[in-house]
Amino acid sequence: MGNKYSVSEFINNIYAFVMTKITMSGARFVRRPIYIRGKESLCGCKNLTTGRFCRFDLQGKKKTLHIGDNCEMGDMTHIVAHNHVEIGDDVLIASKCFISDTNHGKYDGEEQDSFETKPNDRRLISGKVKIGNRVWIGENAIILSGADIGDGCIIGANSVVTKKIPEGSMLVGSNRIIKHWDSNTNKWERVQ
Ligand SMILES: CC(C)(COP(=O)(O)OP(=O)(O)OC[C@H]1O[C@@H](n2cnc3c(N)ncnc32)[C@H](O)[C@@H]1OP(=O)(O)O)[C@@H](O)C(=O)NCCC(=O)NCCS
């Protein structure tokens, strides 16, 4: 059997391919099911490939989610973009990643939200997320408001990113840079 598709998978793929061309003509292959709320806020997506069960929660009158050229994302990627999420070109996102520019409430600075307020009644506070070109994001990674990931970065499986990360960095855990690309040695060198 090798890696051949089963009959039902083959039929599903044909359906998904036809729907891609009807509903997102610039994309390469958007697998089904996919849930997009606020599609008018989505732009880019040229040659986009997605896995199954991806979910984009978009809001706002302007374009809040830009996906660059030739991006690929695995199953169950969830993106929340109420203000500004920008994904560069040639980005590879593994399955079950969560990318969000929005929080329920404010927990630093002035006018913070109280623990007594129901989370769903708190103000929605949106910032920005930027993911550069050729970034590879490992499985289950979480990219939150404030993340600004430079070109060519590698984000390890299960990482959490909330900060500016210089280009060519390898990050694991919570914003922890462990290696960077050294163009003198042409290797990923450990950061002490
Ligand atoms: C980030 C990653 C690329 C690093 O690979 P690597 O350079 O070979 O890493 P190393 O084995 O040299 O590990 C370096 C250190 O980082 C730690 N580390 C590596 N990946 C980690 C991760 N995801 N979370 C936490 N720590 C991690 C290692 O334990 C090691 O720690 P130590 O120095 O204390 O011993 C890889 O571990 C990873 O997470 N890949 C994602 C895989 C994936 O999601 N694939 C989906 C298919 S698209």
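Here are the criteria: (1) surrounded by fewer than 15 Cβ atoms within 10 Å (Cβ to Cβ); (2) touching a Leu at 6+ places or on another chain (Cβ under 6 Å). Tell me which single one Leu65 does not satisfy. Result: Leu65 passes all but (1). Any residue in segment 166-183 that is of a type outside the set (S, T, N, Q) and under 17 Å from Thr77 (Cβ atoms)? No, every residue in segment 166-183 fails to be of a type outside the set (S, T, N, Q) and under 17 Å from Thr77 (Cβ atoms). Does at least one position in segment 170-183 carry a residue that is away from the ligand (no atom under 14 Å from the Cβ), of a type outside the set (Gly, Ala, Ser) and either over 17 Å from Asp89 (Cβ atoms) or without any contact (Cβ under 8 Å) to a residue 24 or more places away in the chain (or both)? No, segment 170-183 contains no residue that is away from the ligand (no atom under 14 Å from the Cβ), of a type outside the set (Gly, Ala, Ser) and either over 17 Å from Asp89 (Cβ atoms) or without any contact (Cβ under 8 Å) to a residue 24 or more places away in the chain (or both).
With the condition being touching a Leu at 6+ places or on another chain (Cβ under 8 Å) and surrounded by 14 or more Cβ atoms within 10 Å (Cβ to Cβ), I'd like the strands (runs of 3 or more DSSP E) fully within segment 73-192 carrying at least 1 qualifying residues.
78-81, 84-87, 98-100, 102-104, 128-131, 176-182
Arg134 fulfils the conditions (1) away from the ligand (no atom under 16 Å from the Cβ); (2) at positive phi except for a single criterion, (1).
Here, each number is a calculation from the coordinates, and none is a lab measurement. Since the structure is predicted, the reported quantities are computational estimates derived from the model, not experimental observations. No Cβ is skipped: glycine too gets one built from the backbone with ideal geometry, and neighbour counts run over all protein chains shown.
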